[in-house]
Structures are given as C-alpha cells and as structure tokens.
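In what follows, a single structure is set out as structure tokens and then discussed.
Each reported figure results from applying straightforward, stated rules to the coordinates on display, with no laboratory input. All figures in this text were calculated on a predicted structure; none of them were measured in a lab. Glycine also receives a Cβ, built like all others from the backbone with ideal geometry; neighbour counts cover every protein chain displayed.
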Amino acid sequence: MPTDLAELDNHFSIPGVVRFDAGKGGLTRALITSPLAEAEVYLHGAHVTAYRPAKGEPVLWVSGKSWFEANKPIRGGVPICFPWFGARAGDATSPAHGFARLKDWAVETVHQTADGVVEIILSLAADEQTHKTWPHDFSARYHVRVGKVLELVLRVRNEGREAFDFEEALHAYFTVGDVRKASVTGLEGTTYIDKMDGMKHKPQGADAVVIAAETDRVHTQTRATCVLHDPVLGRTIQVAKGGSDSTVVWNPWIAKSKAMADFGADEWPGMICIETCNVGDQRVTVAPGETAEMRAAIGVG
Ligand code: BG6
C-alpha cells in the first residue's frame, strides 16, 4: 500500500474528482469533489471532516480549535470510536474512545460508481502498538461513500482464534444554526442512560430530544433513524443506520466547552453530536473469522 503522499495521489486519485494532499497540520487527506457532493477525509483516524451535498450547506461541524496532530483526535467531523467508547473501564491511561481515531489508516481503494458516488475504502489492522492496549487480532475496513447521501460503513473482522467484544461509534458532529432551537426526533419511546445524572436510566417518553443544558445520553436498544430539525438553517438532517443498537446525543454546553482545550468556548451553540453506535450492553461480540458491520447514512432533507 502506498503511504507517501505523491505515491498515494499517483495511485488513487481520480482526475477532477479525488486528490490527495497535505491538509491541516500536514496530515494527509483526500479531497472529493463531484457533481453530487464534496467531502474531505483525513487518513488520521479515517476521519471524515467535511461533507456538503451539491447545492447544500456544510453538514459536518469541526471546531476551529481542533488539533490536527498525530496522537491527538480531530474535534468534529466523524471520529471513529473503537474498540471502546468513552473512558476505558478500569484503565485511566488508555485513550478516550479507543485508538482508532488516533491511528493512520491505509487507503485500500478509491473508485467512482456509474451513478457518480465516490467510494474510498480505508483499513486498519492490529499491530504491536494496538496489542499493547488491546490484545485482539482484528482488521477493520471503513467505506466512505460520498454521494447525495454520505454513507459510512465500518466492518470489523476477528482475525484471531477467540471471540472478542468491542464498542464502536461513528461519532458525527453536525452543524446547527442554534442548538437551543434544534430538536432530534426518532428516539421517542427509548430509554437513555443519563451520563449527566449518575448514569440513571430514564424514559425519553413521547418528546423529541431538545438541548437546554449539558447533554450526554446513551439511548439504548434503538435502531431508529434520527432526524435533526434545524429551523435556523431551515433544514433537516437524517441519520439512518444499520447494525447499530444504540445512539448517543451529546452537546457540551457552556462549562465543558470552556474546559476542553480543543473546543472553542463559544462554539457549543453551533453543533450537536448524534452518534451511531454499539456501546455498553449493546457492545458487539464477534467470533473468529466473522465480521461485524455498522453503518450510518447521513442525508439532508
Ligand atoms: C461523547 C461522550 O460521545 O463524546 C461524552 O458521550 C464525551 O461523554 C464526548 O465527552 C467527547 O469525547 P472526547 O473524548 O472526544 O472529548
């Protein structure tokens, strides 16, 4: 697999549609420009940092304070959390949300389908470094499909001889006009774990999710499509999913925004995370030789 930038560009670019260059912090990225949409994907973390459908406005949010550095996660876009979510239970030294968002992924293929969708497939495999924190042999493939919809498919294969389990999230950050005026439907009737209230399990009831304080919730046992309603930008964003049994909704609000070095103190009204995931009791177990697939499809209404 080519890793050198010039080699990558030589090997995988599609003239006028896909090119590779050095992005922020000198990190390698793929830039996709097609009649259907534009997108930007960093190999660091296999991180989609931008998506804009033709004639539409940017969908994904990235902090102006984000790191673009090796060993630090990008704040915004769609971080991949794997193989654990949040702080690792019983281990304060392991990175939050796993190592996948800190590793450089390899480009496997880039192609454009007859209907104009551009697909980039990135891969990551267990190595000496991942074995130090997580002993399992795995390979992961991430399909980024850029078209009228942004489709993200994460496939994790067990390359070892014993079953293992893991958590995962496609931790999407969306741009909103004002999060206080936005709402998320699709989670009615679910139970959520309220990380802001001692991990209590609470019913969502019949109401849409609205943000009126720091919000950090894991909605359990839900496969529902979420719809983000944004009256300020006058649009809706659909997040449909497959192979995912939990959904996290997060907004850091005022104090937490100030406390995070890679998040602007006044940026919180402009974003909301709706995360397609399998976390906690919804973690995935994968048998030797088997592959687990999780997907999100993000579209603008
Ligand atoms: C969310 C978690 O998914 O990610 C929050 O539920 C966490 O608890 C947030 O604060 C951001 O995490 P990080 O590691 O990117 O700062």
From the options GLY16, GLY25, residue that is under 21 Å from LEU5 (Cα atoms), more than 16 Å from the chain's Cα centre (by Cα) and assigned to a loop (DSSP other than H, G, I, E, B): GLY16
Total residues in the range 203-223, condition farther than 18 Å from TRP253 by Cβ, in a strand (DSSP E or B) and more than 15 Å from the ligand (Cβ to nearest atom): 1
Condition met for VAL184 (of a type in the set (A, V, I, L, M, F, W, C) and assigned to a strand (DSSP E or B)): yes
Meets criteria (more than 12 Å from the ligand (Cβ to nearest atom) and among the acidic types (Asp, Glu)) for ASP266: yes
Residue ID - farthest from ASP230 (Cα to Cα), chosen from residues in the range 55-68 that are part of a loop (DSSP other than H, G, I, E, B) and more than 14 Å from the ligand (Cβ to nearest atom): PHE68
Any pair with Cβ under 7 angstrom, 6 or more apart, that starts in the range 86-113 at a residue that is touching a residue at least 24 places away in the same chain (Cβ under 8 Å) and ends at one that is in a helix (DSSP H, G or I) and surrounded by fewer than 16 Cβ atoms within 10 Å (Cβ to Cβ): SER94/THR133; PHE99/THR133
Subset of the range 269-297 that is within 30 Å of LYS148 (Cα to Cα) and hydroxyl-bearing (Ser, Thr, Tyr) - its residue that is farthest from the ligand (Cβ to nearest atom): THR291
Condition broken by GLU151, with the remaining ones in (1) assigned to a strand (DSSP E or B); (2) over 30 Å from LYS55 (Cα atoms) satisfied: (2)
Filtered residues of the range 266-301 (kept if crowded, with 16+ Cβ neighbours inside 10 Å, charged (D, E, K, R) and farther than 19 Å from CYS226 by Cβ): GLU267, ARG283
Cβ-Cβ under 7 Å pairs, at least 6 apart or on other chains, the range 161-188 side free of Cβ contacts under 8 Å to residues at least 12 places away in the same chain, far side crowded, with 21+ Cβ neighbours inside 10 Å: none
Number of the condition not met by ILE237 [criteria: (1) free of Cβ contacts under 8 Å to residues at least 40 places away in the same chain; (2) in a strand (DSSP E or B)]: (1)
Which numbered condition SER257 fails, given (1) within 16 Å of the ligand (Cβ to nearest atom); (2) touching a residue at least 40 places away in the same chain (Cβ under 8 Å); (3) of a type outside the set (Asp, Glu): (2)
